[in-house]
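Please read the structure below before turning to the comments.
What follows is calculated from the coordinates using simple rules that are stated; it is not laboratory data. Since we're looking at a predicted model, the values are computed, not measured. In this analysis, Cβ positions are derived from the backbone assuming ideal geometry, glycine residues included, and neighbour counts consider all displayed protein chains.
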Amino acid sequence: MPTKSKDVASIVERQSNWYSLRPLMDHLRLLVTGGAGFIGSNFVQACLRGESKLDRLVNLDKLTYAGNPANLRSVEADSRYVFLHGDIGDTGLLTKFLHEYEIDAIVNFAAESHVDRSIDSPEPFMQTNVVGTMRLLDTARKYWAALPEAKRAAFRFLHVSTDEVYGSLKPTDPPFTETTPFAPNSPYAASKAASDHLVRAYFHTYGLPVITTNCSNNYGPYQFPEKLMPLIILNALEKKALPIYGDGQNVRDWLFVADHCAAISLALEGGRVGETYNIGGLCERANIDVVDRICDLLDEMAPREDGVSYRSQKTFVGDRPGHDRRYAIDCSKITQELGWKPKESFDSGLHKTVAWYLEHRDWCEDINSGNYGRERLGADRSAEMLAV
Ligand SMILES: NC(=O)c1ccc[n+]([C@@H]2O[C@H](COP(=O)([O-])OP(=O)(O)OC[C@H]3O[C@@H](n4cnc5c(N)ncnc54)[C@H](O)[C@@H]3O)[C@@H](O)[C@H]2O)c1
């Protein structure tokens, strides 16, 4: 499969700038949880790039199947960066680290994050997303309560959450706002909704200075290939079927990951304590359209040797049980209060994403050689169960 590598390389080279964030607060000592995953590793890299004035960035990660130390190779040598292998549910470890590294703020990315896996096996989702978040909050609260006055006032706990807590929209419904009632439909969404409620409760009950962000579907570099975009890119290149759940008309609001990271950093610096901020791409697309666009880009950037379009590999498969039909985010609050809006359009972000996967086949191979073979997860097994 020939790759138009010159084009790809020039796109990847230009990527260095899109990761830089506005400098975070001076001398901040930040604890990031789940920083070896997709969004967390993009955030860690962004925090340490450019004119960052961070004093320390501690990344606590359990390294589940989704956590990949290779995502963070570029920051390993940075003297401000510390990696800690551990679980957000381990209160002894957390207490020790918070004191040892004199943490000023926490950004909680750590989670079980894949809806299909939550259908096959909900328990780890409850363990990490609910119990783990509660333990992280409680350890943070005790640490925060004992800080000197000025440090206590400046402390922040930012919880990264999802738009899936709001449930599913009909085609003509207005997008989710921060006051849309929660209506989670998958075990994943239910566990994230529970964690959001816990974060809220720690603010109202104990005064812990929390901020919650609820974001739409992310895409970009370092995304584990169980999620739609990398799955489609890698299956296409390997001439495998491109699975499309149901009729392919499920709509998601797509946001390039660097834009999400920028929003988190702004919310951490300037967000109002106790508030939630919706973050979205202003970019609703049906899954089938996303797949078609990826195929078209691959046809341009890495055409099949036989000249046939990658679209020919599309295959409709049984739908995800309880598959939410549509998500859409109204992000006017974070735009008005903090001046955030996405920089990447769907086309520019997707172009960069496809280029990144083409240029990082070794990263993809490493994941392939692990224990994930891009098999179908979360399929409806009710017929099988009835037959037992
Ligand atoms: N990916 C999206 O589109 C999206 C959209 C909105 C919100 N979010 C939220 O953003 C966060 C990050 O998502 P992601 O896509 O990067 O997820 P991911 O699955 O790629 O990464 C999760 C990371 O958390 C780590 N982790 C899991 N359990 C842990 C535990 N008990 N203790 C410490 N570390 C643990 C994993 O090792 C991994 O590094 C999640 O909270 C998710 O709910 C994701």
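Quick rundown of the values:
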item	result
For segment 316-341 and segment 286-306, distance of Cα centres in Å	23
Gain on full stretching of the segment that runs from Asp78 to Asp319 - 0.36 nm per residue minus C-alpha separation	82.3 nm
Glu100/Lys170 FRET efficiency (R0 51 Å; Cβ-Cβ; nearest 0.05)	0.50
Mean-position separation - Cα centroids, segment 62-100 and segment 179-258, in angstrom	22
Net charge dipole size for segment 78-181 [Lys, Arg +1 and Asp, Glu -1 on Cβ; Debye, nearest 20]	420
Asp247-Ser332 pseudo-label distance in nm [points 7 Å out on the Cα-to-Cβ vector]	3.1
Förster-model FRET efficiency, 35 Å R0, Tyr65 and Ser309, C-beta, rounded to 0.05	0.60
Likely footprinting exposure, Glu112, Glu365, fewest C-beta neighbours within 10 Å first	Glu365, Glu112
DSSP beta bridges in the chain [antiparallel fraction, %, rounded to 5]	10
Rotationally averaged projected area of segment 300-372 (alpha carbon convex hull; nm²)	8.9
Two-decimal Rg to Rh for the chain - Kirkwood Rh, Cα set	0.96
Cβ-based exposure ranking for Thr205, Thr91, in which fewest neighbours within 10 Å come first	Thr205, Thr91
Built amide H within the under 5 Å cut-off of Asn214, gap 5+	Ser161, Tyr277, Asn278, Ile279
In Å, descending, principal axis extents of the Cα set of segment 197-250	54, 26, 12
Inverse mean reciprocal Cα-Cα distance (Kirkwood Rh) of segment 98-213, Å	15.2
Residues whose placed amide H lies under 5 Å from that of Phe157, excluding near-sequence neighbours	Ile106, Val210, Ile211
Tail weight of P(r) past 15 Å, computed on alpha-carbon pairs of segment 142-202, percent	60
